[in-house]
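Throughout, read-outs are computed from the coordinates displayed, never taken from laboratory work. Quick caveat, the model's predicted, so the values are computed rather than measured. Ideal geometry is used to build each Cβ from the backbone, glycine not excepted, and the neighbour counts take in all protein chains shown.
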Amino acid sequence: MIAARTIEEIAEGREVHVVLAGDLDATPDAASVRFLRGRQSLGGMSVCYRDAWGSTRPGEPGHTFTAKNPLVTAENWDWELELGWRIDYVMVRCTDHGPTLDIRACDSIFDEPVDGTWGRDHFGVVADISAQTSSGRPVQ
């Protein structure tokens, strides 16, 4: 909530695009992610961000922390039976008229080893985001 409050203070009264991305260590149904997605207020504050994965891949789990990655099971032996969690995000800030950027695609990256080496214990998330709609009109 501190990050959201800081972003809102910086963006107040300005027409700016905001992309919030990172490891939130929270699943899509967690209060912190629900807050960011505009699904619940916290501490009398409300914001709204569009989740790139949820917008472009509805119904797909998008696990970014999973036992498929041996770095997870090497550090946390009890994770071998866990299905996985989506805890890494790319989000676009919305105004009263929706997101200020067009989210065109979202994919998982670093979800396979390269030459037998895994990049880290989380898979990455990458989004194709544009300041124009798919028809070429600027996003307001």
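For segment 25-57, enumerate the residues that are touching a helix residue (DSSP H, G or I) at 6+ places or on another chain (Cβ under 6 Å) and touching a residue at least 12 places away in the same chain (Cβ under 8 Å). So that I can check it myself, show each step before the final result.
Going residue by residue through segment 25-57, those that are touching a helix residue (DSSP H, G or I) at 6+ places or on another chain (Cβ under 6 Å) are 26, 40, 42, 47, 49.
Listed by number, the residues that qualify are Ala26, Leu42, Val47, Tyr49.
Return the total of residues in segment 30-47 being over 17 Å from Ala127 (Cβ atoms) and in contact with a strand residue (DSSP E or B) (Cβ under 6 Å, 6 or more places away or on another chain). Write out each step before concluding.
Within segment 30-47, the subset over 17 Å from Ala127 (Cβ atoms) is 30-32, 34-35, 38-47.
Still in the list and also in contact with a strand residue (DSSP E or B) (Cβ under 6 Å, 6 or more places away or on another chain): 35.
Number satisfying all stated conditions: 1.
Just give me the residues in segment 100-136 being in a strand (DSSP E or B) and farther than 16 Å from Arg57 by Cβ, in sequence order. Working first, answer last.
Looking only at segment 100-136, we keep the residues that are in a strand (DSSP E or B), and these are 102-109, 114, 117, 124-130, 132.
Residues satisfying the conditions are Val114, Thr117, Ser130, Gln132.
Say we look at segment 1-46 and pick out the residues that are closer than 22 Å to Cys106 by Cα and among the β-branched types (Val, Ile, Thr); which of these is surrounded by the most Cβ atoms within 10 Å (Cβ to Cβ)?
The selected residue is Val33.
Quick one: Lys68 ticks every box in (1) exposed (fewer than 14 other Cβ atoms within 10 Å of the Cβ); (2) out of contact with any strand residue (DSSP E or B) (no Cβ under 9 Å at 6 or more places or on another chain); (3) farther than 23 Å from Gln132 by Cα; (4) in contact (Cβ under 8 Å) with a residue 40 or more places away in the chain except a single one, so which number is it?
Among (1) exposed (fewer than 14 other Cβ atoms within 10 Å of the Cβ); (2) out of contact with any strand residue (DSSP E or B) (no Cβ under 9 Å at 6 or more places or on another chain); (3) farther than 23 Å from Gln132 by Cα; (4) in contact (Cβ under 8 Å) with a residue 40 or more places away in the chain, Lys68 violates only (1).
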